[in-house]
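Report on the following structure.
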Amino acid sequence: MKLRNGGCSGLWTGLLAVLCLLSRDEGRARENLVGTQPLTLQGDLSARMIAGIDRFLTAETERAIAERAPFWQRDFSSAGAYEQSISAHRERFRRMIGAVDSRLSVKELELIESTGTPAKVAENDLFTVHAVRWPVFEGVHGEGLWLRPKRDPVARVVAIPDADQTPEMVVGLAPGLAPEQQFARRLAENRCEVLVPVLIDRRDNWSGNARLGRFTNQPHREWIYRQAYELGRHIIGYEVQKVQAAVEFFEHENTRPGARSLKIGVAGYAEGGLLALYAAALDTRIEAALVSGYFDSRQRLWEEPIYRNVFSLLREFGDAEIASLIVPRNLIVEQSPVPKVDGPPARRQGRGGAAPGRIQAPDYKSVELEFERARRLLRAGDPKQFDRLKLIFGEEGMTTGPGSDRALVALLNALGVEARTVTQPAKAPLDSRGQFNPDERQQRQVRELEEHTQRIFRLCEREREEFFWSKVKAGSAAEWERACAPFKEIFQNDVMGRFDSPALSANPRSRIFTDQPRWTGYEVVLDVLPDVFAWGYLLLPKDLKPGERRPVVVCQHGLEGVPADVITEDASSSGFPYYKAFGARLAERGFVVLVPHNPYRGGDRFRVLQRKANPLGKSLFSIIIAQHDQLLNWLSELPFVDANRIGFYGLSYGGKTAMRVPAALDRYALSICSADFNEWVRKCVSVDFPASYMFTGEYEMPEWNLGHTFNYAEMAALIAPRPFMVERGHDDGVGIDEWVAWEYAKVRRLYNKLGIGDRTEIEFFNGPHTINGVGTFEFLHKHLDWPEPRE
């Protein structure tokens, strides 16, 4: 098939769009559809679409700060009233960062020793150092160093290093930091009892599965983040709970017979600063927090490493709002240099797939603006109770620290210690373990969190049963549809994310791009949201009769595809042989066919859209659903379209779309998922399946807490009672037949129980990741009530 009128430039672009009316003038197809303006956009419309969505998301992010105010109703009448007024925010914040697992009780520390290595690893005139661990969850421990001053302690502090600093470095047992930056050691020298946890670091040594021979260059933090995110957990939440468990130990120390009840603080640098800020926001037992090398505006959170991505954070919280969860307790912010992180470990043979992301030092003005914004949030309160924020910086706005004298003095003062200066570093203790290698400890910490997350995954089906299936009971198709209505709202609002911005007028534009013997193809564009448009191809059969209304099949391409792929017959030239021109074939069968462009094209350019959307509580599918909603608006108005007979048929990423868009939009009369239906949560989370997304570069795949809400069976249940079909090739490497059959069996059971078993089918065929076009075509003819062509 040859495409004319600049077809290739239009082909290799953007998203679907419009609908319209066929008219003929002296036997020739019109240059544009009746009811539309001429389409004049040129170039790569796919790239233009992605750029427009990027601008829209940037604007939404800029609006987020001002739009947070309605969330907050702070009561400054008393400290107790204030705590009550922010308690719901604290609970939402806790869930956002995935700090939701029940912790084990911590009454004592476990000394780590062996016959060859004592637990006491160092000692000097001022303090001792022990290697310890403490329970957090079943099979998960905090681990690090415990510093005990030899004189009576004056405060208890959890000192949290950066992810790439070992506890030994901030205690002075290992090289890498100047003595004045060894803030854990300095706190101990100033009579604080200190617990220093090890963090999951940014190397990639154990990001993979040796048994499978599959490894990645994902930092260990990303390796845990990816599998946890799908389950409503987070590397941040896990480590905040490790800090909270350490705080619990200190709290128990305060109650020992004869012990003084001392105030508890946290101090952290860089990644440890993030954890100190978040832990203090959640845990009111923490009297004071020193946050060094982290506090700033989060408006460019999408540029930071993906393991800092928190779904929905920016709708309600920036660092200023998080600070307001700490007050009337004390927060000291130190503007210090930050570790330079330009991205993940380098790609190399056998290791790839990590997400981009960098950590850059903020300038003083940015830090100061966020700090002053925090103070403005609290200015209505009594200064004696609510003026508890302190910003420490170097001369003329330069950085200082981490752990500068002034910052440590401020922390000690906030913990009730009268101090004007701090003791300068004494002689460093020596590690009695000799050539201690922290790698074994790091590997142990990574594997503990990995196994914990995999255990949550293995149990998540039970949670979905409680969340969804146990609550949606119905004896008929109509009852089922009504019972599912609130869950569709949860799916679209809380899981996919829905923008509040009203849709624009569609302003349809079109132009002819090909005139085939049996159908005419129009390129169409619709406006959707500010800077967001839909784009694609509308194929109109030439035998349409005046006044006739026909069914529509929306044919959706896959990852890195464009509409041309779905209608191009010459597979060798398109490079996408698995589509088999199924859009064109359906138009030849008499269906009106719409071939939209979905914006999952361009590698990191489109994946950045997911990064920008997530902190707003949105996803790439927030945009895609809005585009399809606009599409359905227009299709429903066309005089040759039967609005009650619009079906969806998507391959691969288009199959991913076939699960999500019709689940959200009831106006799709049926859905066919090809080359994608799966035990989807397993596909995203498992570290034991070679084709898991854990080992690939599709870092946009994890969707927040999907594992506890909507796997593919639950999405199909939202599509029910409308017809639903799965097309699956036995040799398709996206999954395995057994997983597909396992997940589909729940769908089959539901349809049978509702008495509509004839509305769902699965077709297995001998073939790879491709359209088969046999059973699915029959399914479309049957359920869209359109006669099959005569042989």
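The values are calculated or read from the model by the stated rules, or taken from the named source; none is laboratory data. Everything numeric here is computed off the predicted structure, so don't read it as measured data. A quick note on method: Cβ atoms are made from the backbone with ideal geometry, for glycine too, and the neighbour counts reach across all protein chains shown. Just the protein is used for accessible areas: all its heavy atoms, side chains included, with ligands, DNA and RNA removed. Shrake-Rupley method; radii C 1.70, N 1.55, O 1.52, S 1.80 Å.
Tabulated values for the structure
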quantity: GLU727 being within 16 Å of TYR649 (Cα to Cα), among the charged types (D, E, K, R) and exposed (fewer than 15 other Cβ atoms within 10 Å of the Cβ); calculated: no
quantity: Candidates GLY767, GLY735, filtered to the one that is of a type outside the set (D, E, K, R) and in contact with a strand residue (DSSP E or B) (Cβ under 6 Å, 6 or more places away or on another chain); calculated: GLY767
quantity: All positions within region 443-476 that are open to solvent by less than 20 Å² (accessible area, probe 1.4 Å), within 17 Å of ALA713 (Cα to Cα) and in a helix (DSSP H, G or I); calculated: PHE457, CYS460, ARG464, PHE468
quantity: Residue in region 631-652 that is farthest from CYS684 (Cα to Cα), counting only those that are open to solvent by less than 10 Å² (accessible area, probe 1.4 Å) and assigned to a helix (DSSP H, G or I); calculated: LEU635
quantity: Enumerated helices (runs of 4 or more DSSP H) restricted to region 517-613, each holding at least 1 residues that are in contact with a His (Cβ under 7 Å, 6 or more places away or on another chain); calculated: 563-567
quantity: Count of region 250-264 residues which are assigned to a helix (DSSP H, G or I) and buried (at least 21 other Cβ atoms within 10 Å of the Cβ); calculated: 1
quantity: Pairs, first charged (D, E, K, R) in region 315-343, second open to solvent by 20 Å² or more (accessible area, probe 1.4 Å), C-beta under 6 Å, six or more apart; calculated: GLU316/PHE71; ARG329/GLU287; GLU334/GLY401; ASP342/ARG358
quantity: Qualifying residues in region 483-502 (those that are touching a helix residue (DSSP H, G or I) at 6+ places or on another chain (Cβ under 7 Å), open to solvent by less than 70 Å² (accessible area, probe 1.4 Å) and not β-branched (Val, Ile, Thr)) - the one nearest to THR36 (Cα to Cα); calculated: PHE499
quantity: Which numbered condition GLU113 misses (of (1) at pLDDT below 95; (2) over 27 Å from GLU239 (Cα atoms)); calculated: (2)
quantity: Positions within region 116-153 being hydrophobic (A, V, I, L, M, F, W, C), in contact (Cβ under 8 Å) with a residue 40 or more places away in the chain and surrounded by fewer than 20 Cβ atoms within 10 Å (Cβ to Cβ), in sequence order; calculated: LEU126, PHE137
quantity: Condition check for LEU609: among the hydrophobic types (A, V, I, L, M, F, W, C), within 23 Å of ALA503 (Cα to Cα) and surrounded by fewer than 24 Cβ atoms within 10 Å (Cβ to Cβ); calculated: no
quantity: Residues of region 164-209 classified as among the acidic types (Asp, Glu) and either under 17 Å from ALA289 (Cα atoms) or at pLDDT below 95 (or both), total; calculated: 1
quantity: Yes/no for GLY757 being among the small types (Gly, Ala, Ser) and more than 24 Å from GLN492 (Cα to Cα); calculated: yes
quantity: Qualifying residues in region 730-748 (those that are aliphatic (A, V, I, L, M) and open to solvent by 40 Å² or more (accessible area, probe 1.4 Å)) - the one farthest from PHE695 (Cα to Cα); calculated: ALA745
quantity: Helices (runs of 4 or more DSSP H) contained entirely in region 130-238, each with at least 1 residues that are under 28 Å from the mean Cα position of the chain (by Cα); calculated: 220-229
quantity: Number of positions in region 509-528 that are within 29 Å of SER619 (Cβ to Cβ) and open to solvent by 10 Å² or more (accessible area, probe 1.4 Å); calculated: 2
quantity: Residue check for ALA64: closer than 30 Å to LEU539 by Cβ, in contact with a Lys or Arg (Cβ under 9 Å, 6 or more places away or on another chain) and part of a helix (DSSP H, G or I); calculated: no
quantity: Residue that is modelled with the highest pLDDT, among those in region 15-47 that are of a type in the set (A, V, I, L, M) and assigned to a strand (DSSP E or B); calculated: VAL34
quantity: Filter result (open to solvent by less than 30 Å² (accessible area, probe 1.4 Å) and touching a strand residue (DSSP E or B) at 6+ places or on another chain (Cβ under 8 Å)) within region 364-390; calculated: VAL367, PHE371, ALA374, LEU378, LEU389
quantity: Filter result for ALA79 (surrounded by 13 or more Cβ atoms within 10 Å (Cβ to Cβ), of a type in the set (Gly, Ala, Ser) and more than 30 Å from PHE533 (Cβ to Cβ)); calculated: yes
quantity: Hey, ASP75 in contact with a strand residue (DSSP E or B) (Cβ under 6 Å, 6 or more places away or on another chain) and either at pLDDT 95 or above or in a loop (DSSP other than H, G, I, E, B) (or both) or not; calculated: no
quantity: Filtered residues of region 401-427 (kept if surrounded by fewer than 20 Cβ atoms within 10 Å (Cβ to Cβ) and at positive phi); calculated: GLY416
quantity: Filter pass, GLU560 being farther than 30 Å from ALA64 by Cα and free of Cβ contacts under 8 Å to residues at least 60 places away in the same chain; calculated: yes
quantity: Filter result for the condition that a residue is over 29 Å from PRO723 (Cα atoms) and of a type in the set (Gly, Ala, Ser), over GLY590, GLY603; calculated: GLY603
